[in-house]
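Asker: Please see the structure below; I have some questions.
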Amino acid sequence: MPDYNKVLSPGDIENGKLNAVIEIPEGSHLKIEYDRKAAAFMVDRVEPSIYPKPINYGFIPATKDEDGDELDVLVVASEPIPTGVWLECKYVGVLKFEDDGEGDHKIVAVPADDRDSGDSVNSLDDLGSRWQQKVEQHFSHYKDLKKPGSTKVLGWGDQAAAKQVILESIKRYEQS
């Protein structure tokens with residue numbers, strides 16, 4: 001398996017595009033993580049089945065968020081995307097998030113070529129407030145049975161805010 005941080009770039013961030021590597025398919029309750037040293041995916045833990053991921057979850061290669069891991073990405077698609085698949089996406093916003101007191105942002109993205117939706121999602125508003133509520137609910141509570149209160153949703157940001165978070169994470173990666 002390739003080291004995604006070496007074979008993929010973060011994407012064409014200036015033009016609204018990013019590369020996303022999927023770790024956890026939508027609907028899974030396995031916490032699958034990319035192990036940078038082994039260049040492989042591993043099951044870190046099995047989450048309670050009442051907290052399946054409400055969205056495809058992965059990372060943007062060659063980035064580093066405040067928590068020291070690659071910058072997380074939430075990919076909205078019409079079906080679950082398998083672990084290890086990468087795709088070009090357009091970013092539409094960011095979930096500002098804190099885990100154990102550290103910044104752990106989640107960039108919200110959609111496939112760059114989504115013929116199913118007719119490329120109709122171009123902003124967080126296009127996903128609707130109910131979608132945002134469900135995602136907030138998940139990330140506010142998915143650790144409650146093990147570490148209650150350890151996660152905190154801090155709000156949402158638009159495409160410009162997402163771009164800023166991505167560029168900061170690229171810079172952090174390059175300096176490490």
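Asker: Name the one entry in Leu71, Leu87 that is touching a strand residue (DSSP E or B) at 6+ places or on another chain (Cβ under 9 Å), surrounded by fewer than 21 Cβ atoms within 10 Å (Cβ to Cβ), under 25 Å from Trp156 (Cβ atoms) and among the hydrophobic types (A, V, I, L, M, F, W, C). If you could, list the steps in order and put the result at the bottom.
Answerer: Working: Leu71 fails: surrounded by fewer than 21 Cβ atoms within 10 Å (Cβ to Cβ).
The conditions single out Leu87.
Asker: Please find, among Glu136, Glu174, the residue that is part of a helix (DSSP H, G or I), over 30 Å from Val46 (Cβ atoms) and not aliphatic (A, V, I, L, M). Spell out how you get there, then give the answer.
Answerer: On the way: Glu136 fails: over 30 Å from Val46 (Cβ atoms).
None of the others qualify; the one that does is Glu174.
Asker: Please go through (1) in contact (Cβ under 8 Å) with a residue 40 or more places away in the chain; (2) surrounded by 14 or more Cβ atoms within 10 Å (Cβ to Cβ); (3) among the hydroxyl-bearing types (Ser, Thr, Tyr) for Ser150 and return the number of the only condition it doesn't satisfy.
Answerer: The single condition Ser150 does not satisfy is (2).
Asker: Somewhere in the range 17-38, is a residue assigned to a loop (DSSP other than H, G, I, E, B) and within 12 Å of the chain's Cα centre (by Cα)?
Answerer: Step one: list which residues in the range 17-38 are assigned to a loop (DSSP other than H, G, I, E, B), which gives 25-29, 36-38.
Checking which are within 12 Å of the chain's Cα centre (by Cα) leaves us with 25-26.
Yes.
Asker: To continue, here is another question. If Gln164 meets every condition in (1) more than 20 Å from Pro48 (Cβ to Cβ); (2) of a type outside the set (Gly, Ala, Ser); (3) free of Cβ contacts under 8 Å to residues at least 60 places away in the same chain; (4) in a loop (DSSP other than H, G, I, E, B) apart from one, which number is that one?
Answerer: Against the list (1) more than 20 Å from Pro48 (Cβ to Cβ); (2) of a type outside the set (Gly, Ala, Ser); (3) free of Cβ contacts under 8 Å to residues at least 60 places away in the same chain; (4) in a loop (DSSP other than H, G, I, E, B), Gln164 comes up short only on (4).
Asker: What single numbered condition from (1) assigned to a loop (DSSP other than H, G, I, E, B); (2) out of contact with any Ser or Thr (no Cβ under 8 Å at 6 or more places or on another chain) fails to hold for Val73?
Answerer: (1)
Asker: Identify the single condition in (1) under 23 Å from Gln137 (Cα atoms); (2) modelled with pLDDT under 95 that Leu95 does not satisfy, given that it satisfies every other one.
Answerer: Every condition holds for Leu95 apart from (2).
Asker: Among the residues of the range 40-54, write down those that are part of a strand (DSSP E or B) and of a type outside the set (Val, Ile, Thr). Can you show your working first?
Answerer: Taking the range 40-54 as the starting set, the residues that turn out to be part of a strand (DSSP E or B) are 40-46.
Scanning the range 40-54 gives Ala40, Phe41, Met42, Asp44, Arg45.
Asker: So, Tyr57, is that one of a type in the set (Ser, Thr, Tyr), in contact with a Leu (Cβ under 9 Å, 6 or more places away or on another chain) and in a strand (DSSP E or B) or not?
Answerer: On the way: of a type in the set (Ser, Thr, Tyr): yes; in contact with a Leu (Cβ under 9 Å, 6 or more places away or on another chain): yes; in a strand (DSSP E or B): yes.
Judged against the criteria, Tyr57 is a match.
Asker: So how many residues does the range 101-126 have that are of a type in the set (A, V, I, L, M, F, W, C) and either part of a loop (DSSP other than H, G, I, E, B) or exposed (fewer than 12 other Cβ atoms within 10 Å of the Cβ) (or both)? Reasoning before the result, please.
Answerer: So the first thing to find is which residues in the range 101-126 are of a type in the set (A, V, I, L, M, F, W, C), and the list is 107-110, 112, 121, 124.
Remaining after also requiring either part of a loop (DSSP other than H, G, I, E, B) or exposed (fewer than 12 other Cβ atoms within 10 Å of the Cβ) (or both): 112, 121.
The number of residues fulfilling the criteria is 2.
Asker: Of the residues that make up the range 93-100, is at least one assigned to a loop (DSSP other than H, G, I, E, B) and out of contact with any Leu (no Cβ under 9 Å at 6 or more places or on another chain)? Give the steps one after another, and end with the answer.
Answerer: As a first pass, look at the range 93-100 and keep what is assigned to a loop (DSSP other than H, G, I, E, B): 100.
Of the ones still in play, those that are also out of contact with any Leu (no Cβ under 9 Å at 6 or more places or on another chain) are 100.
Yes, there is a match, as at least one residue in the range 93-100 is assigned to a loop (DSSP other than H, G, I, E, B) and out of contact with any Leu (no Cβ under 9 Å at 6 or more places or on another chain).
Asker: Look at Ser78 and say whether it is out of contact with any Cys (no Cβ under 9 Å at 6 or more places or on another chain), farther than 14 Å from Asn56 by Cβ and either among the acidic types (Asp, Glu) or surrounded by fewer than 18 Cβ atoms within 10 Å (Cβ to Cβ) (or both).
Answerer: no
The values are calculated or read from the model by the stated rules, or taken from the named source; none is laboratory data. Just so it is clear, the model here is predicted, and its values are computed rather than measured. Neighbour counts run over all protein chains shown; Cβ positions are idealised from the backbone, glycine included.
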